[in-house]
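Report on one structure; see the data block that follows.
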Amino acid sequence: MLEKHRIGWLPEIFYIPEYISVDDEERLCQTIRASKAPWIKVSGRRLRNYGGTVHEKLGVLLQSPVPSWLQPLLRRLGEDTQAFGPGLEANHVLLNAYRPGEGIMPHQDGPLYHPGVCILSLAAPAVMRFSRKRSSDDDTRAQGDFNSLVVSVALQPRSLLVFRGDAYTHCLHGIDEVEEEALDETVANREALPDPEARVMKRGNERLSLTVRRVLRVKNILGPRK
Ligand SMILES: O=C(O)CCC(=O)C(=O)O
């Protein structure tokens, strides 16, 4: 089902507008906002982890149960997108919350994960910018240590972004710390927007996003299954 949602000139990015219904979005947002689980404050946003903690040094997921309200979503994403390997489901979800003016620095998700990601956007829009990473032995680095913007995707509430391949392994992705996004010529999914002619997009409310991935190595600290 992914193929017809392919966008842009960078392999391989897919954008599915209205992936979930307004009711499902409302339910997810209510569950997230009603939860007393602590938020972790990081630069430019706050976050919660589900499914466990990724231990960067050990290179494993210290696994804990994925809450029941997320399980149907993980099943559906695995079946619809095959983004986590054929027949496989995700085992980790990062919930990010961004107020207008907040964002996430350009980064790569790295080798601990299967190289495919699903990002579900809730409550407010933002623009994801993909840039080509300059390698340290690249001689253009001498002319300035910059990453070149390749493609942008306007993420509407309820939409699903999936990326893998070159977009995962050779690019950085990030969200600018702005209150208003420029919908410039790098935006690859303009046709899927409510107003394809718009040149700016206000961030509006706090945006919530669920970044869904599969950590390759898992240390099961859950105990035997009953
Ligand atoms: O919030 C988003 O849409 C992006 C999140 C992200 O890039 C990440 O969690 O690595």
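The values are calculated or read from the model by the stated rules, or taken from the named source; none is laboratory data. Please read all numbers here as calculations on a predicted model, not as lab measurements. In this analysis, Cβ positions are derived from the backbone assuming ideal geometry, glycine residues included, and neighbour counts consider all displayed protein chains. In case anyone asks, the SASA skips ligands and DNA or RNA and just uses the protein heavy atoms, side chains included. Shrake-Rupley method; radii C 1.70, N 1.55, O 1.52, S 1.80 Å.
Structure values in brief
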{"item": "Volume of the Cα convex hull of the chain, divided per residue and given in Å³", "result": "143 Å³"}
{"item": "Cβ-derived FRET efficiency at R0 41 Å, Leu58 paired with Leu193, nearest 0.05", "result": "0.45"}
{"item": "Segment 51-133, dipole about Cα centre (Lys/Arg Cβ +1, Asp/Glu Cβ -1), debye to the nearest 20", "result": "240 debye"}
{"item": "³J(HN,Hα), Karplus 6.51/-1.76/1.60, whole Hz, each residue of segment 152-165, x for Gly, Pro", "result": "10, 10, 7, 9, 7, x, 6, 7, 10, 9, 10, 9, 7, x"}
{"item": "Residue-level accessible surface for Trp9, protein heavy atoms, 1.4 Å, Å²", "result": "150 Å²"}
{"item": "Relative contact order computed over the chain (Cα-Cα under 8 Å; 6+ residues apart), in percent", "result": "31 percent"}
{"item": "Once the Cα gyration tensor of segment 28-102 is diagonalised, semi-axes √(5λ) in Å", "result": "22, 17, 13"}
{"item": "Residue-span extension gain [Cys29 to Asp80] - 0.36 nm each, minus C-alpha spacing", "result": "16.2 nm"}
{"item": "222 nm mean residue ellipticity, helices alone, for the chain (DSSP H n ≥ 4; -39,500 (n - 2.57); rounded to 500)", "result": "-3500 deg cm²/dmol"}
{"item": "Glu89/Val22 FRET efficiency (R0 35 Å; Cβ-Cβ; nearest 0.05)", "result": "0.85"}
{"item": "Average accessible area per residue (Å²) across the chain - probe 1.4 Å, nucleic acids and ligands excluded", "result": "51 Å²"}
{"item": "J(HN,Hα) series, segment 169-186, from Karplus relation 6.51 cos²θ - 1.76 cosθ + 1.60, nearest Hz, glycine and proline x", "result": "8, 10, 10, 9, 9, x, 10, 5, 8, 10, 9, 9, 8, 7, 8, 8, 5, 7"}
{"item": "Flagged links, alpha-carbon separation over 29 Å, of Lys41/Lys202; Lys4/Lys57; Lys41/Lys133; Lys57/Lys202", "result": "Lys4/Lys57; Lys57/Lys202"}
